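The values are calculated or read from the model by the stated rules, or taken from the named source; none is laboratory data. If you're wondering where the values come from, they're calculated on a predicted model, not measured in any experiment. Methodologically, a virtual Cβ is constructed for each residue, glycine included, from the backbone with ideal geometry; neighbour enumeration extends over all protein chains shown. To get the accessible areas, we keep the full protein, side chains included, count just its heavy atoms, and leave off ligands, DNA and RNA. Shrake-Rupley method; radii C 1.70, N 1.55, O 1.52, S 1.80 Å.
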Amino acid sequence: MMHGGTRKCVANRGKQFVSRFAICTACTNLDQFVHGQVKVDFFKHCLGQAIVTNEHDRTQRVGGRTQLTALAGGNFQNSHKVNCTGMAKNKFSKEWVMQHINDPFVKMAQQKGYRARAAFKLTEILDAEKLMKRGDIVVDLGSAPGSWSQVARERMVGAGGIIDGRVIALDLSPMEPIAGVEFILGDFSEEPVLEQLQALLDGQLVNLVMSDMAPNLSGVKGADSARIQIVCELALDFAISHLKPDGALIVKAFHGSGFSQIVENFKRHFKKVAEYKPKASRNRSSETFLVARGLKH
């Protein structure tokens, strides 16, 4: 169970920082955009103002200060908080989209029914670290659109199709249901959402916490470095409070300023910290996944 002080710390940090910039699962809804599941003409808009889609797939213009952080594929909830799950608009070049469409991992994701190519990143990490087995309790932070939850759920299926284990997913944005996955809509750094999770866990600790979250990057190195660190720290704080002593944490980070500090922070709390650059991660991307195992305290 999360101690009161730790819970308050996580909640306060979320209130202070998460409300100032969008937390997203990088590239989460991009496959849906490219393959026409979401009707957004980003070719038309990529050189103009940023656009977002709401739950009815309508588009609306983004102006003012939110122009700096709004990404295609997000939806506004209020004037100061933007939940986004896409890539920055300047990424939507025709050449880039064609490369994405022809990406072998995108094609394999379609064939296997995964919602995003990120599923193969997780699969490679799980196989390398021999993580996740039937009977485990897994929490997926920033789960939408759900490819990591799909992989976790597959690994819980036993003989006769019976699910042995639990997958609990949390995200700021709605996620299409996945059979056998329990979903909580909301910000996991906020008290009401944590209470929902505690009710589901009913005193049980977690075997694996995984986070494919990433902040929307502004291009300003100092600010982006701080945002990346905050996202990683939120996942770390959550894991410290919910993991079993021999549990594990998988987090997406980015090489660059502040990366070594993130690694050192993880090493202060875990006995083993490994870095992974999965084959499904594009070469031009600076994303690096950290796998931390065995809580020290």
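Give, as residue ranges, the helices (runs of 4 or more DSSP H) completely inside segment 92-177 that count at least 3 residues that are farther than 19 Å from S281 by Cβ, at pLDDT below 95 and out of contact with any Pro (no Cβ under 6 Å at 6 or more places or on another chain).
Numbers: elements: 94-101, 104-112, 118-129, 147-154.
Result: 94-101.
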So which pairs qualify, if the first residue must be in segment 236-264 and within 20 Å of I125 (Cα to Cα) and open to solvent by less than 60 Å² (accessible area, probe 1.4 Å), the second must be assigned to a strand (DSSP E or B) and acidic (D, E), the Cβ gap must be under 8 Å, and the two must be at least 6 apart or on different chains? K252/E287; A253/E287; F254/E287; V263/E275
Among all residue pairs at least 6 apart or on different chains, which show Cβ distances below 7 Å where the first residue, located in segment 279-297, is in contact (Cβ under 8 Å) with a residue 24 or more places away in the chain and the second is β-branched (V, I, T) and open to solvent by 40 Å² or more (accessible area, probe 1.4 Å)? L295/I240
Taking the conditions exactly as written (within 21 Å of H242 (Cα to Cα) and open to solvent by 10 Å² or more (accessible area, probe 1.4 Å)), does Q198 satisfy them or not? yes
Report whether or not R268 is out of contact with any strand residue (DSSP E or B) (no Cβ under 6 Å at 6 or more places or on another chain), open to solvent by 70 Å² or more (accessible area, probe 1.4 Å) and modelled with pLDDT under 95. no
Between a residue in segment 131-150 that is closer than 18 Å to V193 by Cα and any residue that is modelled with pLDDT of 95 or more and of a type in the set (F, W, Y), which pairs come within a Cβ distance under 8 Å, given they are 6 or more apart or on different chains? V139/F238; D140/W148; L141/F238; S143/F183
Of all residues in segment 204-223 being open to solvent by 20 Å² or more (accessible area, probe 1.4 Å) and at pLDDT 95 or above, which is farthest from K244 (Cα to Cα)? Q204
Assuming S257 fulfils every condition listed in (1) modelled with pLDDT of 95 or more; (2) more than 30 Å from I101 (Cα to Cα); (3) hydroxyl-bearing (S, T, Y) apart from one, which condition is it? (1)
Of the conditions (1) open to solvent by 40 Å² or more (accessible area, probe 1.4 Å); (2) at positive phi, G165 clears all except one; give me its number. (1)
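Scan segment 201-244 for residues that are over 15 Å from the mean Cα position of the chain (by Cα) and within 25 Å of H297 (Cα to Cα) and report the count. Even if it seems obvious, please write down each step before you answer.
So the first thing to find is which residues in segment 201-244 are over 15 Å from the mean Cα position of the chain (by Cα), and the list is 201-207, 218-226, 237, 240-244.
From what's left, within 25 Å of H297 (Cα to Cα): 201-207, 237, 240-244.
Here the count works out to 13.
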Looking at segment 93-130, which of the residues that are touching a Lys or Arg at 6+ places or on another chain (Cβ under 8 Å) and closer than 30 Å to D246 by Cα is surrounded by the most Cβ atoms within 10 Å (Cβ to Cβ)? A119
